[in-house]
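Working notes, structure below.
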Amino acid sequence: MNPKPAVILSLLALDLSSAFAARGGHHALAQRHLEARGGSSALQGLKVIERQGSLTFHGATPEIQGTYHTCVQYPDRVAVDVDAGPVQVHQVLGDFGALECDATFTVCSPAQESVAEELRKTARVANREELDETIPEGVAVEAILQGTTQVGYRYRKDDRIVAEEFSPQTGLLQRRRNGKRERLYGDWRSIGGNGAGGLLLPMRIEDFQDGKRTTTTLLTSATHTASPSEWCSKRFSARPAEVQPQKEAPPQEKSTLRDKAKQAQDLFKQPNYPEAAALARQVFLQEPESRASDKLRILLCRARSTGADVGDPAAAYPAAPKSLPPNAQNSRPRKISGDSPKFTDGTRRAGQEGVVIVSAIIDEDGCLQEIKLQKGVNPFADQDALRALPSWVFVPSFLKGNPVRVHYTMTVNVQLSSP
């Protein structure tokens, strides 16, 4: 699981259905929608689309609100910037590949492959899915009628029903259902483009799960240009923080460090947690990122999660800042271990998928503390997600070479098709 990407990236693309095939009434509806948006030539001619607006996550108490800013330069550049309190997403696919960054896009690290793949897909197809999606061959398509007028269609895909409904007046997509998920589109406006009258985008998007509204995106501006703006260009040029090569330790010092690491591991097994933790932190200070340090962090955090006395990490690193100053250029924590949630029978019976959002503190050792639910799916899924989180271990954030505790927001995907 990696932080944040799934719930945010779904907002970039219009996620229109795979329903643009040359068959029957549904083909006529899809074609009318395509032409109303500006035509296939307008979609094929897209260069750069930049969107700004507000984002609301419903279901949390209070609701989570914030700003939303994205930029897509087709076919291989995309930047995502979401600032919504506990939900912070700052991702880019640019000159230096896929990165996850701080809020200023100046401190970045390589994104996990799952995030990178979502960014690559978004850069290729966001806002123009109609060009290459089709209804699977041999699928029976049923008309959705308003009186005697066909306004939509539905069909079965795998184990779920996919349905789309269009405005009889404008021909534009209004509603899409995919199993238990539903999306409403409204306030379509022209943002310019190659078509007669320009390319249309929806300025309001509402997402629902099991009939309950989960997110609302309201765009305040959307523009289509031939080249990226200064905001887009700055983010596309974001680069990963340079990794400073560690000084080669003398052979005797290396041997001493290995001995400390081995002794700490033995003490964790006895168990003698206070002495084990003290030795482990000595290793962390000398080699913050190494296999030996990773193993010891996992042992220390596992002991902490059981309530063992491993001491206060804040007191163990006297040179570390107690809090981050404004605009601190600290490194991002890096996850090194953690279990995926095991979904219980209650969660599976509920049959509800979605994203659980949690906040926590990653302390100076790399352990999670003060885990809090920010937005849930249902009580069963929420507990399954929270039960898995104490096993997560990180290389902590560093500021000027010292470990520092940081507040962090994470997401856990509830996907019941997964084991």
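Summary table below
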quantity	calculated
Pairs with Cβ under 6 Å, 6+ apart, first in segment 19-42 and under 16 Å from Gln174 (Cα atoms), second at pLDDT below 75 and of a type in the set (D, E, K, R)	Phe20/Glu133
Some residue of segment 376-396 being over 17 Å from Leu296 (Cβ atoms), in contact (Cβ under 8 Å) with a residue 12 or more places away in the chain, in a strand (DSSP E or B) and within 20 Å of the chain's Cα centre (by Cα)	no
Filter result (more than 21 Å from Asp207 (Cα to Cα), out of contact with any helix residue (DSSP H, G or I) (no Cβ under 8 Å at 6 or more places or on another chain) and either of a type in the set (Gly, Ala, Ser) or not assigned by TED's automatic domain parsing to the domain that holds Arg32 (or both)) within segment 143-177	Gly147
Filter pass, Val151 being in contact (Cβ under 8 Å) with a residue 12 or more places away in the chain and either of a type in the set (S, T, N, Q) or surrounded by fewer than 20 Cβ atoms within 10 Å (Cβ to Cβ) (or both)	yes
Long-range neighbours under 6 Å by Cβ, at least six apart or interchain, first residue outside the structural domain of Arg334 (by TED's automatic domain parsing) within segment 99-112, second modelled with pLDDT under 85 and assigned to a loop (DSSP other than H, G, I, E, B)	Leu99/Ala111; Glu100/Ala111; Val107/Ala241; Val107/Gln329; Ser109/Arg332; Gln112/Asn2
Subset of segment 175-187 (residues that are within 17 Å of His33 (Cβ to Cβ) and either free of Cβ contacts under 8 Å to residues at least 24 places away in the same chain or charged (D, E, K, R) (or both))	Arg175, Arg176, Arg177, Arg183, Gly186, Asp187
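Every residue, every condition in (1) aliphatic (A, V, I, L, M); (2) in a helix (DSSP H, G or I); (3) more than 27 Å from Ser221 (Cβ to Cβ), yes or no:
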{"position": "Gly53", "(1), (2), (3)": "no, no, no"}
{"position": "Pro62", "(1), (2), (3)": "no, no, no"}
{"position": "Gln65", "(1), (2), (3)": "no, no, no"}
{"position": "Tyr68", "(1), (2), (3)": "no, no, no"}
{"position": "Val80", "(1), (2), (3)": "yes, no, no"}
{"position": "Thr106", "(1), (2), (3)": "no, no, no"}
{"position": "Lys121", "(1), (2), (3)": "no, yes, no"}
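The values are calculated or read from the model by the stated rules, or taken from the named source; none is laboratory data. Just so it is clear, the structure is predicted and the values come from calculations on it, not from any experiment. All Cβ positions, glycine included, derive from the backbone under ideal geometry; neighbour counts span all protein chains shown.
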